[in-house]
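Below: one structure, written as structure tokens.
The values are calculated or read from the model by the stated rules, or taken from the named source; none is laboratory data. Computed from a predicted structure; not experimentally measured. Here the Cβ positions follow ideal geometry from the backbone for every residue, glycine too, while neighbour counts run over all protein chains shown. Note: accessible area is taken over every heavy atom of the protein model, side chains too, but ligands, DNA and RNA are not part of it. Shrake-Rupley method; radii C 1.70, N 1.55, O 1.52, S 1.80 Å.
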Amino acid sequence: MNPFDKLYKPGKMTLGIEFPLDNDWSTEGNRKRLEDNRPFGVPDISNHLALAQQIDQAGFAALWMRDVPVYDPNFGDGAQLFDTLPYLGYLAAATKNVLLGTAAIVLPLQQPIKLAKATATIENLSKSRLILGLGLGDRPVEFPMYGINYQERPKLFKAHLKIMQEAWKTESDLSQFYPFLKQDVAVYPKPKNKIPLVIAGHSGQSMEWIAKNANGWFNYPRTPEETYLNQKKWCEALYDTDQACKPYISAFHLNLLKDDNAEFRPHRFGGGVGVNHLTELLKTYEEIGVNHMALHLRKSETPVSESIAKIEEKVLPYFGI
């Protein structure tokens, strides 16, 4: 089976979990953060391995992480703290079945040869479980540190991707990008299988470009009504560019309430709900065409390990892989 099939089942929705695996934005998690003297948005990652393995064993389709080079208090979010690429390699050895996705690596900040080699390495080590999500980057503080003009991001995004895709080819010719090279200079290892490419947001590109060049579109957390409109745009772009169906992916900031029977209470980017009503909430997104939902647990008043266990028992069977 193609590993990507774990995530994408036409007409169905699979579930994933998004890093960091901490509920530091909940009332209890925030209290612990203050005790630990951590800045807002810097999670407790001390239990990351056990939680990642719990997610893997539970049968979730994917684990997602983001690329956040530096912590900026203006954004208040350090993501999973660990550098994305080395951490993916670590998780490739620590897990067996779950797909390992990035949502997303900031492509304009990356040296494309290095990224091509690193991602091909992870693809090999994980037995083709890597899903490469790429994004434009939205934190202005990062770009001057890398000597990159913020306004050049869309152009760099496309240029870097072209270089990476050439580097992955069995018979590559990098001299078209680097004229000083001989044609036999190559990057190894090569991916054993094609690396699924997911674009996060628009990344400075047109919908038609994304439809033709990506294997899926990762859109930001939205209400069902907003999600329906975006999923419709995605389907129209695929149709207009003569593409086969490709997955629409999104995320949901879930506050899994301690009261299992609590009704849904919306908040920005998601909402709070008891586990006994979570399936019906997620089915709403499945019915409007979401193919994969990454659950983000930072606001969950139920501890992360307990949340995973509850979702595994009462929700995951309805979104099985």
Residue list for region 20-57, filter: aromatic (Phe, Trp, Tyr) and over 20 Å from the mean Cα position of the chain (by Cα): PHE40
Positions within region 35-54 being hydrophobic (A, V, I, L, M, F, W, C), in a helix (DSSP H, G or I) and open to solvent by 40 Å² or more (accessible area, probe 1.4 Å), in sequence order: LEU49, ALA50
Condition met for GLY133 (part of a loop (DSSP other than H, G, I, E, B) and at pLDDT 95 or above): no
Cross-chain or 6+ apart pairs with Cβ under 8 Å, region 55-76 first and in a strand (DSSP E or B), then surrounded by fewer than 24 Cβ atoms within 10 Å (Cβ to Cβ) and among the basic types (Lys, Arg): ALA62/LYS6
Residue, nearest to the chain's Cα centre (by Cα), within region 135-157, restricted to residues that are closer than 19 Å to ALA214 by Cβ and open to solvent by less than 30 Å² (accessible area, probe 1.4 Å): GLY135
Selection count, region 300-321, where residues are among the polar types (S, T, N, Q) and not in a loop (DSSP other than H, G, I, E, B): 2
Tally, over region 160-183, of residues that are assigned to a helix (DSSP H, G or I) and either open to solvent by less than 40 Å² (accessible area, probe 1.4 Å) or of a type in the set (S, T, N, Q) (or both): 10
Residue list for region 83-101, restricted to those being part of a helix (DSSP H, G or I), over 20 Å from VAL70 (Cα atoms) and either open to solvent by less than 80 Å² (accessible area, probe 1.4 Å) or touching an Asp or Glu at 6+ places or on another chain (Cβ under 7 Å) (or both): GLY89, LEU91, ALA92, ALA94
Matching residues, region 64-82, being touching a Ser or Thr at 6+ places or on another chain (Cβ under 9 Å), open to solvent by less than 10 Å² (accessible area, probe 1.4 Å) and either closer than 22 Å to PRO154 by Cα or among the aliphatic types (A, V, I, L, M) (or both): MET65
